[in-house]
Amino acid sequence: MKIRTKLALSFGIIISILFTEIVLNQIISDNATNTYQKLKSQALPVLRILDKYESINNELFLLTSNKVYNKNLPLSSQNRLNGILEVELPYLKTELFLLSENLEKDDEITQKSPEIIESTNKLIEYGSKLNSLLVLKDDYSNPVSVELATKIVEEDISNLHDKLNTDLLLLKIKYGNLLEEYQNEFSQNLKSLSNIILITGILGILFGIILAILVIRSISKPIQALNNGALRVSSGDYEVGIHLKGKDELASLGDSFNIMTSSLRSNFELIQQNNKEIKKQEERFRKVIEASPAAIILMDSKKKISLINIQTEKLFGYTRSEIIGRSAEKLIPSRLLKEQSMVDSIFSSENKIDTLGIEQNFYGLTKENKEVPIEIRLNFIEINNQDMILASIIDITERRQQQAEIKKFVEQLKFKNKELEQFSYITSHDLQEPLRTVLSFIDLIQDDYKDKLDDNLNVYLKFISDASTRMSSLIKSLLDYSRIGYKGVVEQIDLNILLDSVTADLGFKIEHTNAEIKFGNLPTINGFNLELRLLFQNLITNAIKFHKEGENPKINISYEDKWTHWEFKIEDNGIGIREEFQAKIFVIFQRLHNREEYEGTGIGLSHCKKIVELHGGEIWVNSQENVGSSFHFTIPKI
Amino acid sequence: MLFKKKLVVLFMICITILTSCNNPEVKEINIGFIAPLTTRATDLGIAPSQAMKLAVEKYNSKKLKSQPKINLFVEDGKWEKDMALPLYEKLRKEHNIDVVFISNTDGTVAIQDRIMEDGVIAVNPLNSDKLLSSLNKNTFKIAKSTEEANKIVGVRIIELGLKKAIILQYPNDFMTIAANSVSEILNENGVENKILKVAKDQTDFTEILKAAQEEGTQAYVFFGYKDFGFAMKQARDLGIEAPFFGSTVLLDPDFYKYSEGAIIGTECPFFSTLDGNYILASEFLKDFEKRFGEEPVSVWPPMQAYDAMNIVINELKNVNEDKPKDELLGDWLRNRLYNVRYYQGICGNISITEDGSSRGIYFSLYKMESEGKLIKIKR
């Protein structure tokens, strides 16, 4: 039987007992209430009126007797007599009438009340008559009045008084017995009520105890078994099984318990496998940490070290046991620790990776109090809801030495470049002077000795003059080349304005060749004004110069915004460049045509390359012979 | 959540409706009292108004929630007939009174038509006589019988063997009835007597008294108020030694003052605690003294007023339980008062008869022994 059935049955029995008790109580209470109502509405009011009636009847008789025989009757007695006649008796007869109206018709008081009321009316009548006969003391001297008054009292009032008293007495006995009867009945009802409460109470308690014992027994044993099983499971014994008899809820709970232990067993095995896997992962992770070329330190937000790898041991000379649990500040020289702001600003920067050591000139402190230049990368991570700092530390002693050497070489190179530039400048500038002297003297010779020079000599002089002029041109070009970027200032340049100016300067050539130059809305960029002007001028000039015979040059200038830099393109429909020469065109004084075909020194594109590189960009060409060329160059935005 | 709130609101509405159904329809009832608080017969006004106030306060302090609160508003009628109606109208207008108490017989007559129009119940708590009983059905007299009380004086004159009496009477209904009741019994028993009405504010009675003295008058009856104190003094000054008789108002302190002690020995009808329910009456006087600091000079007016107010309250307290909704308060109260058969008051056991007068308050004969003190006369 299921527990709930047992409990329902138990409670059902107890409730039935209580219900029986309630019903019996109700019945007896109703009886008691009825008896009480009769007592209250019948016997007691009747007896009260009868008592009062009897008392007033006696008082009236005494007062009237006194009035007849005492001519000095006090006024207060007379007033009392008046009160009885005018108030008390009328009231009593009204009360009696109303009471008899509310009682059964066969009730004795109902049957007797008209007679009593009639007697009362007569008493009032005789009393009033007596009052009118004996008003003054002199009335007592009147024998007629006195005789009549005596007769009224001794005969009429006395007879009525006796009769009324007898009637009242009989009624009082009758209703006295009735009262006693009701009281006994009422008492009996209360006794029965008490007995029923006692018996049903005892029965209820006995049933309750028996049922409680039975139910407790049927529940406590399986619960004990379940408790033992639970204790064994809690101590790690997942093989425990419980076998409870019956089909109640506890047996079902036992089955569920067995299922639970089985499930726990499976889960425990799964957890064990997972733990192994976690251990493997940890081992793998540990190996990775250990294999890291950098020293790794894991610390909490208060810089307390919780993990290090072998590189850390090597770098700082501490064993794990010596350093784990200690503050990371132990690994920082005290002179740096004094610069608290720097250390704190680094360690308090959450959610970012920061690097110490490269520019901050940071050092670590070994166990032997030796300072080692280090680079630290700090990574703020959260492990188990705790803010942690992962520091990756590299000994940069060698790198620092290498950087020092590189710096030294760069300085030397810069110095040499400067020297070379100076040399080129000086050379080209100083060489111009003797060349100009040579050309001047050739001019003088040709002018002054024109008649004396033979043809051969004139030809030779012309060769010398041409060679000198070309040399001067070359030197000038070289001078220009060396001057590129010299004393220049980076500024914002609107390329639209710049190109308007360039095309204006090249107006003659453009007009002469019917060249068509197109450019859209170009950007404003940062750069050297003169050099950029030369760059565009050279490229446009080249495009005009190397146009196809019989075809007007068409030049299109465009650009693309490449996020980090601008990429410009100058396209033409010129003669193009054969592929094998495309790599040579930016080499200084490299010409692809002889001077007779196209004039020039062959330094223009070298200028372009130098200007682009001066701005940090690149320049290249895409070209197809007899189709045209497109020169590309980039200018970084910053 | 919203559903739960709606349920609570609905429940509250139901409770309100149910409780409002049980709420009394009448929450307050206003009662007025037109009484002489100044000028004349103040012993019939001040102490009775205090006694009524005491009754109202006792009721209000102990009443159940379902019972109406009662408010008492007192106006000074100065014992003048002409003031009764204006004061009644004032009480109606300002307080919408449902019951008016009025101690002046003339005043009670004066407001008769208006109380019937308004459905207001009038109660005279001092006097009950045939004249008042002939008025309309809304008028009740919860007091001694004027005729009976004063008849005692006539009986006393007869029993003392006095053969010639003069009755000096103040010109109002009450004193007229009192004088007539004495005159009637004297006439029945062969005692020569005459009633002499004096002027309202008359203070010199020498001529009247001199004439009576010369006529050999053996009994002097002063049915009036304090001004007859002058008459008593003037009588004694004239050498008149015949006994004096008075009405129920002899204890007015001015009476003694004006008589300069000549009032001592005057016999009169009176009512004290000994004549009523002594236990209840004594308790009332204690409460009165506790509430107002002193006992009343003349006890019968406040005792009657106290009983009269309590009889009315005894009915009004059941108004919300017993009064049918469609019945007017005045009609309901009138019917209830007509059914008062037995009320155990401080003045005795009182009933109200079919003509609206009460029975059960009976005066005795007293004699003024000293200033403010009366003693009961034994036959």
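Tabulated data
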quantity: Considering residues of the range B:354-366 that are within 30 Å of residue B:120 (Cβ to Cβ) and more than 7 Å from chain A (Cβ to nearest Cβ) only, the residue surrounded by the fewest Cβ atoms within 10 Å (Cβ to Cβ); calculated: B:354
quantity: Qualifying residues in the range A:97-123 (those that are more than 15 Å from residue A:163 (Cβ to Cβ) and within 14 Å of chain B (Cβ to nearest Cβ)) - the one surrounded by the most Cβ atoms within 10 Å (Cβ to Cβ); calculated: A:99
quantity: Residues of the range B:367-379 satisfying the condition of being more than 10 Å from chain A (Cβ to nearest Cβ) and assigned to a strand (DSSP E or B); calculated: B:367, B:368, B:369, B:370, B:373, B:374, B:375
quantity: Selection from the range A:186-205 of residues that are within 20 Å of residue A:16 (Cα to Cα) and either of a type in the set (D, E, K, R) or in contact (Cβ under 8 Å) with a residue 12 or more places away in the chain (or both); calculated: A:192, A:193, A:196, A:197, A:200, A:201, A:203, A:204
quantity: Scope the range A:188-210; condition among the polar types (S, T, N, Q) and either crowded, with 16+ Cβ neighbours inside 10 Å or farther than 18 Å from residue A:24 by Cβ (or both); matching residues; calculated: A:189, A:192, A:200
quantity: Residue ID - farthest from the other protein chains (Cβ to nearest Cβ), chosen from residues in the range B:145-170 that are small (Gly, Ala, Ser) and open to solvent by less than 10 Å² (accessible area, probe 1.4 Å); calculated: B:165
quantity: Test: residue in the range B:34-51 that is open to solvent by less than 80 Å² (accessible area, probe 1.4 Å), at pLDDT below 95, in a helix (DSSP H, G or I) and of a type in the set (D, E, K, R); calculated: yes
quantity: Selected residue [without any contact (Cβ under 8 Å) to a residue 60 or more places away in the chain, more than 60 Å from the chain's Cα centre (by Cα) and more than 14 Å from chain B (Cβ to nearest Cβ)] from A:40, A:52; calculated: A:40
quantity: Which listed residue, of A:197, A:209, is over 60 Å from the mean Cα position of the chain (by Cα) and part of a helix (DSSP H, G or I); calculated: A:197
quantity: Strands (runs of 3 or more DSSP E) contained entirely in the range B:63-144, each with at least 2 residues that are among the acidic types (Asp, Glu) and either in contact (Cβ under 8 Å) with a residue 24 or more places away in the chain or crowded, with 24+ Cβ neighbours inside 10 Å (or both); calculated: B:69-76
quantity: Of all residues making up the range A:479-514, the number that are touching a residue at least 12 places away in the same chain (Cβ under 8 Å), more than 60 Å from the chain's Cα centre (by Cα) and under 18 Å from residue A:533 (Cα atoms); calculated: 14
quantity: Complete set of residues in the range A:502-548 that are part of a helix (DSSP H, G or I) and among the aromatic types (Phe, Trp, Tyr); calculated: A:508, A:536
quantity: Single residue of the range A:74-93 satisfying the filter (open to solvent by 40 Å² or more (accessible area, probe 1.4 Å) and free of Cβ contacts under 8 Å to residues at least 24 places away in the same chain) that is farthest from the other protein chains (Cβ to nearest Cβ); calculated: A:80
quantity: Top-ranked residue in the range B:171-191 [being within 30 Å of residue B:309 (Cβ to Cβ) and in a loop (DSSP other than H, G, I, E, B); ranked as farthest from the other protein chains (Cβ to nearest Cβ)]; calculated: B:171
quantity: Residue match in the range B:337-353 (condition: in contact (Cβ under 8 Å) with a residue 40 or more places away in the chain, farther than 26 Å from residue A:77 by Cα and either open to solvent by 10 Å² or more (accessible area, probe 1.4 Å) or part of a loop (DSSP other than H, G, I, E, B) (or both)); calculated: no
quantity: Subset of the range B:242-273 [small (Gly, Ala, Ser) and more than 16 Å from the chain's Cα centre (by Cα)]; calculated: B:242, B:246, B:259, B:261, B:262, B:265
quantity: Residue ID - least open to solvent (accessible area, probe 1.4 Å), chosen from residues in the range A:140-153 that are part of a helix (DSSP H, G or I) and free of Cβ contacts under 8 Å to residues at least 24 places away in the same chain; calculated: A:145
quantity: Matching residues in the range A:56-73 - criterion: being more than 15 Å from residue A:154 (Cβ to Cβ) and away from chain B (no Cβ under 13 Å); calculated: A:57, A:58
quantity: Number of the exception - residue B:290 against (1) over 20 Å from residue B:204 (Cα atoms); (2) open to solvent by less than 30 Å² (accessible area, probe 1.4 Å); (3) more than 14 Å from chain A (Cβ to nearest Cβ); calculated: (2)
quantity: Flag for residue B:213 being surrounded by 14 or more Cβ atoms within 10 Å (Cβ to Cβ), within 24 Å of residue B:82 (Cβ to Cβ) and in contact with a helix residue (DSSP H, G or I) (Cβ under 9 Å, 6 or more places away or on another chain); calculated: no
quantity: Condition check for residue A:61: farther than 30 Å from residue B:155 by Cα, of a type outside the set (Lys, Arg) and open to solvent by 40 Å² or more (accessible area, probe 1.4 Å); calculated: no
quantity: Hey, residue A:185 over 25 Å from residue A:11 (Cα atoms), open to solvent by 80 Å² or more (accessible area, probe 1.4 Å) and not small (Gly, Ala, Ser) or not; calculated: no
quantity: Verdict on residue A:52 being open to solvent by 40 Å² or more (accessible area, probe 1.4 Å) and touching a helix residue (DSSP H, G or I) at 6+ places or on another chain (Cβ under 8 Å); calculated: yes
quantity: Qualifying residue in the range A:130-137 (condition: crowded, with 16+ Cβ neighbours inside 10 Å, among the polar types (S, T, N, Q) and more than 13 Å from chain B (Cβ to nearest Cβ)); calculated: no
quantity: Residue A:341 vs. criteria open to solvent by less than 50 Å² (accessible area, probe 1.4 Å) and at pLDDT below 75; calculated: no
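The values are calculated or read from the model by the stated rules, or taken from the named source; none is laboratory data. Since the model is a prediction, treat every value here as computed from it, not as a measurement. Cβ: placed from backbone, ideal geometry, glycine included. Neighbour counts: every protein chain shown. When the accessible area is computed, the model is the full protein with side chains, heavy atoms only, and any ligands, DNA or RNA have been set aside. Shrake-Rupley method; radii C 1.70, N 1.55, O 1.52, S 1.80 Å.
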